[in-house]
1. Which of 102, 24 has the fewest other C-beta atoms within 10 Å, and how do the rest follow up to the most?
2. Would you mind getting me the FRET efficiency between residue 95 and residue 32? Use the beta-carbon distance for r and R0 = 51 Å, nearest 0.05.
3. Would you kindly state how much longer the chain becomes between residue 180 and residue 246 on full extension, computed as 0.36 nm times their sequence separation minus their alpha carbon distance, in nm to one decimal?
4. Compute the Cα gyration tensor for the range 106-169, then decide on rounded, prolate or oblate, letting a ≥ b ≥ c be the square roots of its eigenvalues: rounded whenever a/c is under 1.5, prolate when a/b is larger than b/c in the other cases, and oblate in all that remain.
5. Sort the following peptides by mean Cβ neighbour count (other Cβ atoms within 10 Å, averaged over residues), highest first: 111-122, 181-192.
6. Grab the Cα-Cα distance for residue 113 and residue 45, subtract it from 0.36 nm times how many residues apart they are, and report the gain in nm with one decimal.
7. Listed highest first by mean packing, meaning other Cβ atoms within 10 Å per residue, what order do 162-175, 240-253 come in?
8. Separation between the residue 57 and residue 139 pseudo-spin-labels, each 7 Å from Cα along Cα→Cβ, expressed in nm?
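Please treat every number below as a calculation from the coordinates, not as lab data. Everything numeric in this text was worked out from a predicted model, so none of it was measured. Cβ placement follows ideal geometry from the backbone for every residue including glycine, while neighbour counts extend to all protein chains displayed.
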């Protein structure tokens, strides 16, 4: 009697099944990596764009706060002194003069946020004529700081500027971050134009910027964002300023000048 081997109905050959080879899996992983990398880059770029827009909006608030300070301050009409110790308050005047004409925005004094959307302090420069109470400024006063399109200041965007403020942008070079810790200084000449010669000991330079003396230490740089290889080096600073005519008009309208 012969015995027949019956094949189980659940038994089947796998020789015809398709599978992924290691090469195919590697290709899929590379594609996924590229897609995810591109997505992350897009999100990062979108976040920086949103932060830049938020920063520019904050500049309007800073400008109004500075004007409001000058209008509402009892006694002499002046702009606030910079904050130099990181507490957010303007430094006390000595014999009517700010101890430093540049430091960081006295945000607490002005009722504003201390930091830009990247978490860094706003740099702030005020002209000595417009921050001193002895004597206070008048409609005939002229400010020294100016804003230019390059570090050499061959193209001037604004002159006679009583106050200038700077966000050091996404790279934060030259700014102070959390804990008032100083970030590395910029290497591009245009970004260094927003830190050179001022705010010691933040830089090793010793240039001065005092009323009536126009030099590169009184000049800030503002232009479109540029990569490292661009003219003037990497640049992503955002610069705002308060023109003297705008300040004068608001003070006259409020009855604080002449």
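1. Details: 102 21, 24 10.
Least to most surrounded, the residues fall as 24, 102.
2. Details: r = 67 Å, r/R0 = 1.31.
About 0.15, to the nearest 0.05.
3. Values: separation 66, 0.36 × 66 = 23.76 nm, distance 3.17 nm.
Full extension from residue 180 to residue 246 adds 20.6 nm.
4. Working: a/c = 3.33, a/b = 1.15, b/c = 2.91.
Since a/c reaches 1.5 but b/c is at least a/b, the shape of the range 106-169 is classed as oblate.
5. Numbers: 111-122: 19.5, 181-192: 17.3.
Per-residue Cβ counts within 10 Å, averaged per peptide and sorted highest first, yield 111-122, 181-192.
6. Working: separation 68, 0.36 × 68 = 24.48 nm, distance 2.37 nm.
Full-extension gain reported as 22.1 nm.
7. 162-175, 240-253
8. Each label point lies 7 Å from its Cα, and together they span 3.7 nm.
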